[in-house]
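First the structure, in the form of structure tokens, and then the observations on it.
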Amino acid sequence: MDLDSGESGQQADPASLPRPALWPEPPTGQAPVPIRGRQDENAEARAHVRSAYVGVALMCVGLVLVSVGAVARTWLPAALGLAVGVAGLVVALRSRVMEAATVGEEVRGD
């Protein structure tokens, strides 16, 4: 919608908006239901996602510790940060962090 076109600003009916192919069709006469997770996602997949978050959090803590060591010009926080960051990387890789982001999605050419 062009803001300078002078249109009245009315919004389209949400049921008439285009949806990605992975979204189910809403029941007749009802608005689309928002997605709250992947279809057929099991508890094991959710556990992998949680451990991926832990791995990324550990890498962030490691980065902060390395930064503190660099600013303070001491090797102890930097070495500790490096160890924590590597531990976070291992946890994230073992949790298959990238698989959780791509499983079930189709690659489409435009």
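The values are calculated or read from the model by the stated rules, or taken from the named source; none is laboratory data. Remember, predicted model here, so these are calculated numbers, not experimental data. Don't worry about glycine lacking a Cβ; one is built from the backbone with ideal geometry, like all the others, and counts go over all protein chains shown. Quick note on the areas: whole protein, heavy atoms, side chains included, nothing else; ligands and nucleic acids left out. Shrake-Rupley method; radii C 1.70, N 1.55, O 1.52, S 1.80 Å.
General remarks:
- Comparison of PRO26, PRO20 shows that the only residue that is in a loop (DSSP other than H, G, I, E, B), open to solvent by 60 Å² or more (accessible area, probe 1.4 Å) and modelled with pLDDT under 90 is PRO20.
- Close pairs from the stretch 71-91: first within 21 Å of HIS48 (Cβ to Cβ), partner at pLDDT below 90 and polar (S, T, N, Q), Cβ under 8 Å, at least 6 apart: VAL91/SER51
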